[in-house]
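One structure is given here, and the rest of the page talks about it.
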Amino acid sequence: MIFGDKDKNKSDICPFLNKPCIKNKCNLYVKIQGVNPQTGKDVDVWDCVFKITPLILIDHTKHLENTRACSEQLRNEMIKLNSNLINAIVLLNKGYTFLPNQSHVINIDNENKND
């Protein structure tokens, strides 16, 4: 059992039949394999979908948190790149140009005045 039985002498009562669980004869009795998100131990059990739903929700929440963190990291990178692009456009509109493979900016107007 994933969560353990509260009362081991009491048989499982099906919420639909209001009778003892019929186990493998029921379509809601499924095999779960994976890792318990609370303990980190491997899980390989047959159990009722309704009993394992909280465990699945906990695991789903952890995956959602990881997805949120990745989305936020992507957002921050995109803001930085967009800021750099806007700065480059502003500099190009002012007459500056970027030289290939160089990190500094040269003003075209100043070069033309010297010629």
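Key figures for this structure:
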read-out	value
Candidates per trypsin sites (Lys or Arg not before Pro) in the range 30-85, loop by DSSP, up to 11 other Cβ within 10 Å	LYS41
Table column - 3J(HN,Hα) (Hz), the range 87-92, Karplus curve with 6.51, -1.76, 1.60, x for Gly and Pro	4, 5, 5, 4, 5, 5
FRET efficiency, CYS26 to THR61 (Cβ-Cβ, R0 25 Å, nearest 0.05)	0.40
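Each reported figure results from applying straightforward, stated rules to the coordinates on display, with no laboratory input. Remember, predicted model here, so these are calculated numbers, not experimental data. All Cβ positions, glycine included, derive from the backbone under ideal geometry; neighbour counts span all protein chains shown.
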